[in-house]
Amino acid sequence: MAVEVITGKWAVVVLFALSRGPHRHGELVDLVGGVSRKVLTQTLRHLQAHGLVEHRTHPGPPPRPEYALTPLGLTLAEPIAALTTWARTHGGAVVDFQEASREDS
């Protein structure tokens with residue numbers, strides 16, 4: 001069950017963006033890139049429901065709602081950073097393998 005929480009298409013990307021600090025919804029749309037506002041909202045709600053993300057509103061005119069990792073969510077920052085490093089280092093090899101497999105078919 002725990003792994004299913006972070007295996008959604010956008011979950012790890014959103015968690016990675018929030019590992020850099022709290023962000024407003026619009027900032028996350030820009031940071032994540034390619035995600036619709038609706039899907040981002042669904043992803044954030046899913047992560048909130050599992051205790052990884054919190055929604056907080058800073059008072060003042062106007063109120064400033066933002067999302068942040070909870071202490072539990074912060075425990076994922078290091079593993080996600082390692083996965084991101086792996087993807088940057090080996091992503092090209094994965095793409096090359098996929099292209100070579102298509103050519104062989």
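Taking the criterion of being of a type in the set (Val, Ile, Thr), more than 20 Å from Leu40 (Cβ to Cβ) and in a helix (DSSP H, G or I), the only residue of region 68-86 that qualifies is Thr85. Inspection of region 46-67 identifies no residue that is β-branched (Val, Ile, Thr) and outside any strand (DSSP E or B). Cβ-Cβ contacts under 7 Å between residues 6 or more apart (or on different chains), taken from a first residue in region 22-38 that is free of Cβ contacts under 8 Å to residues at least 60 places away in the same chain and outside any helix (DSSP H, G or I) to a second residue that is surrounded by 13 or more Cβ atoms within 10 Å (Cβ to Cβ) and of a type in the set (D, E, K, R), are listed as Pro22/Glu66; His23/Glu66; Arg24/Glu66. Scanning region 26-65 for residues that are on the phi > 0 side of the Ramachandran plot and either surrounded by 11 or more Cβ atoms within 10 Å (Cβ to Cβ) or touching an Asp or Glu at 6+ places or on another chain (Cβ under 6 Å) (or both) yields a count of 1. Summed over region 1-13, the residues that are touching a residue at least 24 places away in the same chain (Cβ under 8 Å) and under 17 Å from Ala82 (Cβ atoms) give a count of 3. Number of residues in region 1-21 that are surrounded by fewer than 18 Cβ atoms within 10 Å (Cβ to Cβ), of a type in the set (A, V, I, L, M, F, W, C) and either outside any helix (DSSP H, G or I) or touching a Pro at 6+ places or on another chain (Cβ under 7 Å) (or both) equals 1.
In the set (1) in contact with a Leu (Cβ under 7 Å, 6 or more places away or on another chain); (2) loosely packed, with under 13 Cβ neighbours inside 10 Å; (3) among the polar types (S, T, N, Q), Thr70 fails one condition alone, (2).
We did not get these values from a lab; they are worked out from the coordinates using the rules stated. Bear in mind that the values here come from a model prediction, so they are computed numbers and not experimental data. For neighbour counting, all protein chains shown are included, and Cβ atoms are generated from backbone atoms with ideal geometry for every residue, glycine included.
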